[in-house]
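Notes follow once the structure below has been shown.
The values are calculated or read from the model by the stated rules, or taken from the named source; none is laboratory data. A quick note: this is a predicted structure, and the numbers were derived from the prediction, not measured. Cβ atoms come from the backbone with ideal geometry, glycine included; neighbour counts cover every protein chain shown.
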Amino acid sequence: MKNLVLRSFKTALLATALLTGSSLGFASADLNQTVVETGLSGSYLASRVAMDDNDDEAAVKFLEKATSLDSDDLKIRQDYFAALVANGRISDAAKIAQNTEKLGTRRNLAGYVIAAEEMRQRSWKKAATALKDVAGVELDKTLREIMLAWINAGERNFEEAQVRINDLTGPEWITVMKNYHTGLIASMAGETDVAQENFQRVIENRAVITVLTETYIRSIEAMVRTQSKAGETEKASATLQAGLDIFPSHPPFISLKAKLDAGETLGDLITTPQEGAAEIFFNLASAIERDGVGAITKGYLQIANHLAPESDVILLGLAELYLRQGYYERSNTFYDRISKQSSFERIARLEKATNLSRLEQKSEAITELQKLIDEDPKDLAGYMTLGSLFNREKRYREGAEVFDAAVKNIGASQRHHWNLFFRRGISYERLKEWEKAEPNFVKSLELSPDQPEVLNYLGYSWIDQGINLDEGMEMIRKAVELRPRSGFIVDSLGWAHYRLGNYEEAVKQLERAVQLMPQDPTINDHLGDAYWKVGRKLEATFQWKIALASETEPEDPKTIEAKLANGLIDDEESEAKAE
């Protein structure tokens, strides 16, 4: 990723040099050296490329260089401020905001940043002053008022804090935030009855689960903790069990259950005003991310992290955000910061190991995953991650051995184990041990009959072997109905028709598969074969050429090269030539 970005920088900088007549040297591909060698216009242009590619660190470095060359340019300072926020350098961003009279469209963000920095210092009045000019849509109003409420809490003025939040009006999501944060502040003030009333309003509103999932889950945890704190242990256990019924694998719920079962009294979810302010940024970032607004999400999460640097949910959110953007090393810096005492610790280590694999640090990833399995042989996640890693690396024997060990340790099979048997089946199928693979696919469908990937894999395998043809075709058709936009599954339907000699129908389905996944070499190869069979030989060679030219190397390039040289020779033609 970084090499690609640097190449983009160089292209942009070279274009600038050509347009301006300046001379820019590139003696080293190192980012720091590139920054040193770049002038004002080049630095600014490179920063824009970096921001577009979500490379916050590079953007900051280029903008630092640009501001050193022209400290009065307002646009550069505005972008520098935004890049600092995205990069998590909130204290530095606050200095820029305080020393820049106008930040244009970033005025509200400047208010949040300065307020967050002042809250870190417990300068409550300065924090409130920083928010006085924040204005705009419902999102900004809600964020401002809840931040001000937590500033009131910092001043121990809990009554004013609750009144301020209760004055908020608007759509349902605002009501959820209002009830949740009123409950948090009430619990901190020792008003456990008021807290429970507000948390209950959120919990009863199940319609918001799909949109405000994290806030809903946090409301359940806050309720459990408040009930435990109030000595209402039975209520706390009942609330937690209701939460587990909806989110059975949520690590904090599992951890809380162990503590309650052990007779432990739980403390508040939010214990400081800074954590409370961080919570609203986290709540909104989690909701906004569902709409794909990455820049806002990152800024909110970085401010939240500044206010509550030890919050495991915020660290996890940042780690996952950088993972989605393809910055695996940066992602791992946040996974590393998650405490060993956190209920998310194993998840963090699993994801870190997966990132190490993506970074081609395979041995380190395998070592870490094996440690996780050894530490908890009953936890399926470690087996699944390690076995899948081996399969991706085409180390199918090792993958099969990992999945075998998992099956021995999980106990009685449950519905969610379908994927374990599916992955084990893939390992054995790739090892050409069909007698071991087939029972695993069948078991997977017994546990979960409507899994399109399993229906597709087993149905395709049967047809490819010339067995169970009707049942296999029915499975693939069902898979297509369940996942009509999957190029892989539509390809299977087309190829199944091809194997059965239905070449016209094969062409129809394979053309649709290519539309869904135009750059997949296997699908292009299949379509080429089908075109050849129906006499469209020029189009067949074109598809084979596309398959060979694909960025993803085909599984058997020599076979495709032979088809380009000699055409598609079927069994009858081969026998005739042999005679």
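Restricting the search to the stretch 170-213, which residues are of a type in the set (D, E, K, R) and either assigned to a helix (DSSP H, G or I) or within 27 Å of the chain's Cα centre (by Cα) (or both)?
Pass one, the stretch 170-213, residues of a type in the set (D, E, K, R): 172, 178, 191, 193, 197, 201, 204, 206.
The answer is E172, K178, D193, E197, R201, E204, R206.
Among the residues of the stretch 467-512, write down those that are part of a helix (DSSP H, G or I), farther than 19 Å from S448 by Cβ and among the charged types (D, E, K, R).
Those that are part of a helix (DSSP H, G or I), farther than 19 Å from S448 by Cβ and among the charged types (D, E, K, R): D470, D491, R499, E504, E505, K508, E511, R512.
Out of (1) assigned by TED's automatic domain parsing to the domain that holds L148; (2) modelled with pLDDT of 95 or more, the odd one out for I296 is which?
I296 satisfies all of (1) assigned by TED's automatic domain parsing to the domain that holds L148; (2) modelled with pLDDT of 95 or more except (2).
Of the residues S255, S187, S237, S249, which single one is in contact (Cβ under 8 Å) with a residue 40 or more places away in the chain and surrounded by fewer than 18 Cβ atoms within 10 Å (Cβ to Cβ)?
Values: S187 fails: surrounded by fewer than 18 Cβ atoms within 10 Å (Cβ to Cβ); S237 fails: in contact (Cβ under 8 Å) with a residue 40 or more places away in the chain; S249 fails: in contact (Cβ under 8 Å) with a residue 40 or more places away in the chain.
Exactly one residue qualifies, and that residue is S255.
Restricting the search to the stretch 396-420, which residues are within 19 Å of A365 (Cβ to Cβ) and either among the aromatic types (F, W, Y) or crowded, with 18+ Cβ neighbours inside 10 Å (or both)?
Our first condition is that a residue be within 19 Å of A365 (Cβ to Cβ); within the stretch 396-420, this holds for 396-403, 405-406.
Residues satisfying the conditions are Y396, G399, A400, V402, F403, A406.
Filter the stretch 537-557 for residues that are within 21 Å of Y503 (Cα to Cα) and touching a residue at least 12 places away in the same chain (Cβ under 8 Å) and give the result.
So in the stretch 537-557, the residues within 21 Å of Y503 (Cα to Cα) come out as 537-547.
Listed by number, the residues that qualify are K537, A540, T541, F542, Q543, W544, K545, I546, A547.
When R536 is evaluated against the numbered criteria (1) touching a Lys or Arg at 6+ places or on another chain (Cβ under 9 Å); (2) over 25 Å from V454 (Cα atoms), which criterion, by number, is the only one it fails?
So R536 meets the others, but not (1).
Give the residue, chosen from R201, R164, R156, that is modelled with pLDDT of 95 or more, of a type outside the set (S, T, Y) and within 23 Å of Y300 (Cβ to Cβ).
Working: R201 fails: within 23 Å of Y300 (Cβ to Cβ); R156 fails: within 23 Å of Y300 (Cβ to Cβ).
Answer to the selection: R164.
Give the number of residues within the stretch 421-458 that are surrounded by fewer than 23 Cβ atoms within 10 Å (Cβ to Cβ), hydrophobic (A, V, I, L, M, F, W, C) and more than 15 Å from G399 (Cβ to Cβ).
4
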